[in-house]
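So the structure is just underneath, and the comments pick up after that.
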Amino acid sequence: MSSHTIRVVLADDHAVVRAGIRQFLETAKEIEVVAEAGDGRSAKEMIAEHRPDVAVLDIQMPHASGVEVTRWLRSNFKEVGVLILTAYDDDPYVLAVLQAGANGYVLKTASPADIIQAVRDVYAGKSALDQAIVRKVMAQVTGQRQALSFEELTDREKQVLALVGKGDTNKAIAIQLGISDRTVQGHLAHIFNKLQASSRTEAVMRAVSLGWLSSDLAEIPSDDVP
């Protein structure tokens, strides 16, 4: 359990749903919902005002979708973790929000305990993906494998990517490998380019799909981890 209060902004366009989510989130002593929003525009305002640790967002909201809010967050408040909590598991939604930079995607059918743990994981710099979502992403990546030609990673790049898959930050990777933070950033840039990936999640998934990284060693990483 974290010794720090995890400050959450919760956005969902259904007031009853928000109330229920807030109630069970705050059963975890270290989680505090500091603000609520009923649409995407209000979500942006609440996030800008409160600077939470984690934003818990629905996908379908008036004025700005969860995907749009996620893109806005990644441009303006990269330090805020993003957990999508939604009833939608359609492929276009899943892929769009992960490509936008969400750190987690959990279905509302998940248990309260699993959703609370997802908030903790996102706050800790990890990603939280429902297993059904993992299967969808892996299927998408595996399908792309036939259509795309990827340049092989170097041994060092594989080491960096494996540590990214464990949720390590750039600083932690630099310490473990005895290299500078800037060198880690350079390796990640090469990895993204070679795997034609736009996020850490996508890069690790593709590396696992290609057999360059063991799925036993790789967790689903958090994007935008410094």
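Every read-out reported here was derived from the displayed coordinates using simple, explicitly stated rules and does not represent laboratory data. Bear in mind that the values here come from a model prediction, so they are computed numbers and not experimental data. Glycine gets a Cβ as well: all are built from the backbone with ideal geometry, and neighbour counts include every protein chain shown.
See the values below:
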| read-out | value |
| --- | --- |
| Point-to-point label distance, ALA87-THR183, nm (Cα→Cβ direction, 7 Å offset) | 5.2 nm |
| Shape category assigned to segment 1-134 from the gyration tensor of Cα positions, a/c cut at 1.5 | rounded |
| Members of LYS44/LYS166; LYS126/LYS171; LYS78/LYS171 lying beyond 20 Å, as alpha-carbon distances in this model show | LYS44/LYS166 |
| Two-site label geometry, ASP114 and ASN193: point separation in nm, points 7 Å out along Cα→Cβ | 4.0 nm |
| At R0 = 41 Å, FRET efficiency that the Cβ-Cβ distance of ILE175 and HIS63 yields, to 0.05 | 0.40 |
| Straight-distance crosslink candidates among aspartates and glutamates, where the alpha carbon sits under 18 Å from LYS158 and sequence neighbours closer than 8 are dropped | ASP168, ASP181, GLU202, ASP216, GLU219, ASP223 |
| Value of D in µm² per second that Stokes-Einstein yields for segment 148-209, Kirkwood Rh from Cα pairs, at 10 °C (1.306 mPa s) | 138 µm²/s |
| Full-extension gain in nm, ASP155 to PHE77, via 0.36 nm per residue minus C-alpha separation | 24.8 nm |
| Volume per residue that the Cα convex hull of segment 34-110 spans, once the total is divided by residue count, Å³ | 82 Å³ |
| Under-5 Å amide H pairs with TYR105, H placed in peptide plane, nonlocal only | ILE84, ALA128, LEU129, ASP130 |
